[in-house]
Amino acid sequence: MSFFIGCAVWAYKGWVGELYPQGTRTADFLHLYSRRFTTVEGNTTFYAVPNPETVARWAAETPPGFEFCLKLPRDITHNKLLQPHIPDALKFIEGMRPLGKRLGPIFAQLPPSYAPTAIDDITAFLESWPRKEVPLALEVRHRDWFAEPYASQLTVLLEQLGVGRVLLDSRPIYTGDDDPQLQSERRKPKLPVQFSVTAPFSLIRFISHPNLTVNQPFMEEWVTQIQQWLQQGKRIYFFVHCPTEERSPSTARYFQRLLEQSGVAVPPLPWNHLDNSPNQLSLW
């Protein structure tokens, strides 16, 4: 497949009754999630590295074609420089290898404190990564990375090494009202969106507004971009976040419909083909 869509997590109890049937056990969440979406952004690995038994279970519970896009642990990415943690990063890769073909691109999210002055550090880290075996994507959050000359320097580096860019779009949550529900998500940086792909693949993290209509213009923009990239042979992973997490699955499903209605050649969403799916979603 060339297009994958999903949410940030799979183990969310608030999805029972909508994404998952009533009475679903927590232990069955991943099995069911992976038969509704085609990828998941594995935020869980940012906080704790799973043991081998857990990784093996993830592989066993998910169908062929499903991919995990796991986040590097914060002990690697959020502890000043990256070079001292190269052995830990390589160890993390080895620990995830039991996922086999279900292991999608891993991504490194750097903190706002990681500035372009560390360009030599990030270069050494990216060069040490076995990029041909395990694709890597990078998310930067220091504002200077989005200004020249650093923006171009980073783009050239990523293109030369075949490292993907994580495209964070937090515009929806900074649009419209000051709903208290948005405050937690507004801790995410308000940064420019760079509509550029630096590798054969890219990850898009769409921080959606709880009100679907606020998301609409941004989604339409992404439909156009994704269509262009897919026509160029790129592989796109699209992840939907929402301050009101209950709405993430339905927002992702709505975006899938926008793609299909716009004639974008994307694989069908497994969720839409379930014989006994939970209650139909209202799009409020």
TODO: Examine the range 229-243 for a residue that is assigned to a helix (DSSP H, G or I), of a type in the set (S, T, N, Q), at pLDDT 95 or above and buried (at least 18 other Cβ atoms within 10 Å of the Cβ), and state whether such a residue exists.
DONE: no
TODO: Residue by residue through the range 108-124, note down the ones that are over 21 Å from the mean Cα position of the chain (by Cα) and not in a loop (DSSP other than H, G, I, E, B).
DONE: Pro116, Thr117, Ala118, Ile119, Asp120, Asp121, Thr123, Ala124
- [ ] Pull up the range 20-39, narrow it to residues that are within 26 Å of Glu139 (Cβ to Cβ) and in contact (Cβ under 8 Å) with a residue 60 or more places away in the chain, then point me to the one that is nearest to the chain's Cα centre (by Cα).
- [x] Thr39
Open item on the list: Thr117 - would you say it is surrounded by 16 or more Cβ atoms within 10 Å (Cβ to Cβ), polar (S, T, N, Q) and over 19 Å from Val197 (Cβ atoms)?
Closed with: no
Open item on the list: Tell me the residue from Ala60, Ala11, Ala56 that is among the aliphatic types (A, V, I, L, M), surrounded by fewer than 20 Cβ atoms within 10 Å (Cβ to Cβ) and in a loop (DSSP other than H, G, I, E, B), please.
Closed with: Ala11
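Residues to consider are Glu67, Glu53; find the one that is touching a residue at least 60 places away in the same chain (Cβ under 8 Å) and of a type in the set (Asp, Glu). Walk me through how you get there before you give the answer.
Numbers: Glu53 fails: touching a residue at least 60 places away in the same chain (Cβ under 8 Å).
So the residue among Glu67, Glu53 that is touching a residue at least 60 places away in the same chain (Cβ under 8 Å) and of a type in the set (Asp, Glu) is Glu67.
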Open item on the list: What pairs come out if I take residues in the range 201-226 that are under 24 Å from Ala108 (Cα atoms) and pair them with residues that are among the small types (Gly, Ala, Ser) whose C-beta lies under 6 Å away, six or more apart or interchain?
Closed with: Phe201/Gly164; Ser202/Gly164; Leu203/Ala137; Ile207/Ser170
Task: Of residues in the range 120-165 being of a type in the set (Ser, Thr, Tyr) and closer than 22 Å to Asp88 by Cβ, the one surrounded by the most Cβ atoms within 10 Å (Cβ to Cβ) - done: Thr123
- [ ] Pairs only if they're at least six apart or on different chains, beta carbon under 8 angstrom, first in the range 130-154 and among the polar types (S, T, N, Q), second modelled with pLDDT of 95 or more; list them, first residue then second.
- [x] Gln153/Pro116; Gln153/Ile119
- [ ] Please identify the pairs in which a residue from the range 184-195 that is over 15 Å from Val140 (Cα atoms) has its Cβ atom under 8 Å from the Cβ atom of a residue that is at pLDDT below 90 and among the aliphatic types (A, V, I, L, M), counting only partners at least 6 apart or on another chain.
- [x] none
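Can you name the residue in the range 79-107 that is assigned to a loop (DSSP other than H, G, I, E, B) and over 18 Å from the mean Cα position of the chain (by Cα) and, of all such residues, is surrounded by the most Cβ atoms within 10 Å (Cβ to Cβ)? Let's see the steps before the verdict.
The first filter runs over the range 79-107 and keeps only residues assigned to a loop (DSSP other than H, G, I, E, B), leaving 79-82, 104-105.
Going one step further and asking which of them are over 18 Å from the mean Cα position of the chain (by Cα), we end up with 79-82.
Values: Asn79: 13, Lys80: 12, Leu81: 13, Leu82: 23.
That would be Leu82.
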TODO: Say whether the condition of being surrounded by fewer than 20 Cβ atoms within 10 Å (Cβ to Cβ), outside any loop (DSSP other than H, G, I, E, B) and small (Gly, Ala, Ser) is met by at least one residue in the range 16-24.
DONE: no
Task: Top-ranked residue of the range 60-78 - restricted to ones that are under 18 Å from Pro135 (Cβ atoms) and among the aliphatic types (A, V, I, L, M), ranked as nearest to the chain's Cα centre (by Cα) - done: Leu70
TODO: Could you tell me whether the range 206-218 includes any residue that is over 20 Å from Val9 (Cα atoms) and of a type in the set (Phe, Trp, Tyr)?
DONE: yes
TODO: Those residues that are acidic (Asp, Glu) and either touching a helix residue (DSSP H, G or I) at 6+ places or on another chain (Cβ under 8 Å) or over 27 Å from Arg102 (Cβ atoms) (or both), I need them from the range 134-158; list them, please.
DONE: Asp144, Glu148
- [ ] Residue by residue through the range 32-59, note down the ones that are of a type in the set (A, V, I, L, M) and within 11 Å of Leu70 (Cα to Cα).
- [x] Val40, Val49
Open item on the list: Out of Phe37, Phe46, I need the residue that is farther than 23 Å from Lys91 by Cβ and surrounded by 15 or more Cβ atoms within 10 Å (Cβ to Cβ). Which one?
Closed with: Phe37
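The values are calculated or read from the model by the stated rules, or taken from the named source; none is laboratory data. Note that the structure is predicted; figures quoted are calculated from it, not measured. Note that we place each Cβ from the backbone using ideal geometry, even for glycine, and neighbour counts take in every protein chain shown.
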